[in-house]
Structure formats: structure tokens, C-alpha cells
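Data first, discussion second: the structure below is written as C-alpha cells.
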Amino acid sequence: MDSWAPPKGFAGRWVLSCMAGLAIGAPLATLWGLSMRPSVLAMEAGRFGALLVVVRAVGGAIAGAALGAAQAWALRRAYPDLPAAAWIGVSAAAGFAVAVSSGLVIGALARHGGAMSIAGYVVVGAVLHGVLGGVLFGIGQARVLRAVTDRRGSWPLVVTLGIMLGTLVASLRWIFGLGAMGPVSLVAGAAFGGAVEGLALGLVTGGAFRVMPPRRAN
């Protein structure tokens, strides 16, 4: 099992799945948020924050499910017995939880942390998103991987690094003032940012599979 390697072409398939999952999931989540904007803005002040959290949470679940579905498509090539529904489910749940928790923390910083530059919010957001994503996506997905491989201990760590790097790089457009706020621009920017984040996630995590042989490998 020490000499096991993923099937030929798996590395490219995995990177493509991460890119496609987030390039589709991020704009879908953005479209969901835009569709709910009139309802959020019409909400009375006392309920505005709660509804906004719900909208963010559902958007996170949408993005997580899209990423999980694309990743499951790639993983089944190396791990035919992977429970795809469970993988998609934990990814959607992780996306939900990351969106809620990161939104609450960033919101608290905005209210009580004093003035912070856009660059500061980008760095803090990337670190926060990376840590939360690594913990929630990484641990949840590692539990599903337990069904098909005995060696999955490094998965939360590489997911943390991949999401953190991807979020940071994808967020650079805000630092350089390239993030327009119109609906079309927001959706297009989400697709671009998702693809960049997915590329980083795929490249960083792809090497982990070389030390994660399937249980039934000869």
C-alpha cells in the first residue's frame, strides 16, 4: 500500500473538480443573496441581522454542496466506494457553518474593532475562512474518507492551507479596487474568485492523496 498512487489523470481531475465546484457554487450563492436582497432590505431593524445571517448561511450551504458534488465526482475515480451523498452532505453543512460563523466574527469586528483597512479585512477574512473551513470542511470530509482510507490525518491541515491561500488570492481584487458592486459584476466576480480559490484548494490538497491509499488497494 505504500507504493499506491492515485489513478492516472486523477490529479488534474481533482484540481478541475475543485475549480468547477467553487466557480459554480460561489456565483449560485451570490445569485441567492441577490434574490433575497429586497427581503433583507425590507426587514425591520430588529430582524435585519437575523435574516442576513440566514441568507449567508443558505448561500454557504449552496457553495459547499456544489463543491462537494464536484469533488465527489473526482474522488470516485480513486475511491469507488466513497459515499458521495455523505461527502456532499458534510460539505454543504460545513459551508453553512463557515458562512454563519465567519459572518458573525467579521460583523463583530466591524462593529467593535474600530476602523480597519480593506486589506486588513481581506487578510483577517482569509485567515478566518481558512481556519474555519479547514476545521469544518476538513474534519467533516475526513470522517467520510474514513470509509475508504485509513490514512486521512493530514486532511484538515491541507484543507485549511488550501482554503486560506485560495481565499487570500481571490480577495486581492478587493484590495486593488477591482470588486465592482453591480449584480452582474458581483456574480462574475464570484465565479472568478471561486475558480481561483478552487485552483488553490485543488493544488494544495491534491498531493495528500498520494499517502491516502484506499482500504482495498492491493
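Here the simple spin-label model places points 7 Å from the Cα toward Cβ, and for ARG143 and ILE106 these points are separated by 2.6 nm. Note that region 65-75 has calculated 3J(HN,Hα) couplings of 5, 5, 4, x, 5, 5, 5, 4, 4, 6, 5 Hz, one per residue in order, obtained from phi through the Karplus relation 6.51 cos²θ - 1.76 cosθ + 1.60 (θ = phi - 60°); glycine and proline are x. If R0 is 35 Å, the Cβ-Cβ spacing of ARG77 and ALA42 corresponds to a FRET efficiency of close to 0.15.
Taking every alpha-carbon pair under 8 Å whose residues sit at least 6 apart, the chain reaches a relative contact order of 31 percent. Solvent-accessible area per residue in the chain equals 49 Å², computed with a 1.4 angstrom probe and all protein chains kept.
The simple Förster model, with R0 at 22 Å and r as the Cβ-Cβ distance, assigns ALA86 and SER154 a FRET efficiency of 0.60.
Computed 3J(HN,Hα) for region 120-126, one whole-Hz value per residue from the Karplus formula 6.51 cos²θ - 1.76 cosθ + 1.60 where θ = phi - 60°, is x, 5, 5, 5, 4, x, 5, glycine and proline marked x. Against the chain, whose longest principal axis comes from its Cα atoms, helix 183-206 is set at around 30 degrees. Specify whether the C-alpha gyration tensor of the chain places it in the rounded, prolate or oblate class, a ≥ b ≥ c being the square roots of the eigenvalues: rounded for a/c under 1.5, otherwise prolate if a/b is larger than b/c and oblate if not. It comes out prolate by the Cα gyration axes.
Counting only DSSP H runs of at least 4 residues, each contributing -39500 (n - 2.57), and dividing by the residue count of the chain, the helix-based mean residue ellipticity at 222 nm comes to -26000 deg cm²/dmol.
Share of carbon and sulfur in the accessible area of region 5-103 stands at 72%, probe radius 1.4 Å. For THR149, the residues whose amide H sits under 5 Å from its own are ARG215, ignoring neighbours fewer than 5 places away on the same chain, with H placed 1.01 Å from N.
The values are calculated or read from the model by the stated rules, or taken from the named source; none is laboratory data. Note that the structure is a prediction, hence the values are computed from the model and not measured. Neighbour counts run over all protein chains shown; Cβ positions are idealised from the backbone, glycine included. For accessibility, only protein heavy atoms count, side chains too; no ligands or nucleic acids. Shrake-Rupley method; radii C 1.70, N 1.55, O 1.52, S 1.80 Å.
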